[in-house]
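Read through the structure below, which is laid out as structure tokens, and then see the notes.
The values are calculated or read from the model by the stated rules, or taken from the named source; none is laboratory data. From a predicted model like this one, the values you see are computed outputs, not experimental measurements. Positions of Cβ are generated from backbone atoms using ideal geometry, with glycine treated the same way; all protein chains shown enter the neighbour counts. Accessible surface is based on the protein model in full, side chains and every heavy atom, while ligands, DNA and RNA are left aside. Shrake-Rupley method; radii C 1.70, N 1.55, O 1.52, S 1.80 Å.
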Amino acid sequence: MSNEDERYKKMVESSQDWFWEFDEHANFTYVSPAIKKILGYEPAELIGLNAFKLMNENEARRVHRHFDPIAKKYLPFKHLETTNIHKDGHQVIIESSGTPIIDGAGKFRGYRGISRDVTERKQLQQKLIDSEEQYRSIFQNNPQPMWIYDLETLRFLAVNNAAVHHYGYTKDEFLQMTIKDIRPADDLAALMENVEKVTQGLDIAGCWRHLKKDGSLIFVDITSHTLTFNNRAAELVMAQDITERKQAEKKLLEIESRYRALFENMTAGFVLFEVIEDENGVPVDLLIIAANKGFEKTTGLKAGDISGKRLTDVMPGIENDAADWIGTYGQIARSGVARQFEQGSELLGYYYSIIAYQAGPGQCAVTFVDVSERKKVENERERLLQAIEQSAEIVMITDPDGVIEYVNPAFEAVTGFPRTTVLGQTPRILKSGVQDEDFYRQMWQEL
């Protein structure tokens with residue numbers, strides 16, 4: 001054996017790849033030592049064994065269909081993948097390349113070639129395929145509309161099922177369109193400005209208007225991320241339809257506006273307090289959250305000046321009533337039980353008719369009307385009534401028909417008629433017979 005042959009032999013026998021030769025019937029005539037690591041056999045165990053015996057029946061049939069047409073024409077082959085059975089029974093994927101052996105007389109004698117274990121590589125490839133399929137499934141089946149568009153041409157490169165369902169276009173129609181086709185004409189300038197600002201990474205673009213195929217307008221919240229798709233700079237977009245939310249927000253603003261107008265223009269005063277408690281949970285003050293014009297008119301204080309301030313700071317003249325107010329409103333805010341009452345006195349110079357109720361945790365809403373004038377009149381009437389009751393003169397009150405509605409104690413003392421007897425009667429009950437009919441007729445005319 002020449003030195004060159006010796007070097008070739010050492011190279012073959014030390015290689016991690018499996019070198020082999022088989023005859024025209026595919027029976028091994030040479031097997032390199034690498035077979036031990038790849039399939040677990042000693043080389044001598046495979047000499048004379050048919051190569052297809054290292055495969056199960058189904059795999060052998062598959063490889064025959066691929067290999068036989070090549071072998072009939074004595075053609076070389078490359079990267080032929082076969083699943084072989086290891087000596088311990090597990091499967092090994094082998095990639096083989098071979099060239100035909102032609103003797104000096106030009107006769108076909110078989111094949112010689114090289115094989116390597118590609119099981120790990122194929123497993124990694126399969127994992128990548130599975131992973132890609134998984135992410136493809138996540139994209140396609142995401143319940144939110146999603147698409148990928150080309151950053152240069154703005155054409156749709158991929159759309160998911162939700163986008164097709166939500167916008168009404170077929171997938172083929174989408175792929176013939178650009179992202180400008182689903183925008184109102186008024187929004188195109190802003191769209192192009194936004195596209196020009198796209199940078200690498202996440203982009204929370206916010207609320208945009210989109211058009212469906214049927215022409216209806218929707219509001220969507222757009223979130224996107226840059227990526228490379230089919231070797232193109234692209235953008236992955238997720239669109240969340242917020243049309244109902246926007247409509248609800250609009251209605252809420254309209255309702256809020258109406259109630260705010262009602263709040264501001266109601267004649268009664270209104271103030272919203274938050275109860276301030278000490279470390280023991282005892283109310284110590286009231287923080288003014290909001291007040292209306294009625295409050296300003298009644299108290300002379302400006303809502304803008306007092307909002308966010310304590311009651312005792314903005315109304316220093318109520319020190320005597322502060323503890324009572326704080327305790328009352330604190331109890332209402334805590335219990336949730338509404339109360340209606342009057343507060344004030346003639347000495348203080350004011351009377352308020354108050355309705356107070358819990359407006360939220362730790363908060364008390366108070367509606368009040370200044371009834372000072374009414375209370376003044378009521379007090380005057382009460383004093384007058386007391387004077388009449390104590391008068392020594394007879395006082396009698398009748399309705400327009402002369403029916404007695406009131407008599408004072410002096411009436412009872414002078415006439416001897418009990419009050420209960422004369423109420424509902426006419427003054428005729430007092431007729432003595434001393435005066436004639438003309439006297440009584442003239443009296444009634446005066447009445």
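Against the numbered list (1) under 16 Å from Asp117 (Cβ atoms); (2) of a type in the set (S, T, N, Q); (3) surrounded by fewer than 16 Cβ atoms within 10 Å (Cβ to Cβ), Asn58 comes up short only at (1). Here is the figure for the stretch 182-221: residues that are under 15 Å from His166 (Cα atoms) and part of a strand (DSSP E or B) total 8.
When Ala248 is tested against (1) modelled with pLDDT under 90; (2) surrounded by fewer than 16 Cβ atoms within 10 Å (Cβ to Cβ); (3) in a strand (DSSP E or B), just one condition goes unmet, and that condition is (3). Where strands (runs of 3 or more DSSP E) fall entirely within the stretch 81-155, those with at least 2 residues that are within 30 Å of the chain's Cα centre (by Cα) are at 146-150. Among the candidates Val403, Val422, the residue that is farther than 17 Å from Ile388 by Cα, modelled with pLDDT of 80 or more, open to solvent by less than 90 Å² (accessible area, probe 1.4 Å) and of a type outside the set (Lys, Arg) is uniquely Val403. Listed conditions (1) charged (D, E, K, R); (2) under 29 Å from Gln134 (Cβ atoms); (3) touching a residue at least 12 places away in the same chain (Cβ under 8 Å) are all met by Arg183, apart from (2). Looking only at residues in the stretch 261-282 that are within 17 Å of Phe295 (Cα to Cα) and in a loop (DSSP other than H, G, I, E, B), the one that is modelled with the highest pLDDT is Ala268.
A Cβ distance below 9 Å, combined with a sequence gap of six or more or placement on separate chains, defines the contacts here; from the stretch 122-140, residues that are without any contact (Cβ under 8 Å) to a residue 60 or more places away in the chain reach residues that are assigned to a helix (DSSP H, G or I) and surrounded by 10 or more Cβ atoms within 10 Å (Cβ to Cβ) in the pairs Gln140/Asn161; Gln140/Ala162. Note on the stretch 190-213: among residues that are polar (S, T, N, Q) and under 12 Å from Glu235 (Cα atoms), the one that is most open to solvent (accessible area, probe 1.4 Å) is Gln200. As a summary of the residue check, Glu382 satisfies the conditions (1) more than 30 Å from Pro283 (Cα to Cα); (2) open to solvent by 70 Å² or more (accessible area, probe 1.4 Å); (3) in contact with a helix residue (DSSP H, G or I) (Cβ under 7 Å, 6 or more places away or on another chain) except for the one numbered (3).
Looking only at residues in the stretch 80-130 that are open to solvent by less than 40 Å² (accessible area, probe 1.4 Å) and of a type in the set (Gly, Ala, Ser), the one that is farthest from Ser14 (Cα to Cα) is Gly110. Scanning the stretch 70-77 for residues that are assigned to a strand (DSSP E or B) and free of Cβ contacts under 8 Å to residues at least 60 places away in the same chain turns up at least one hit.
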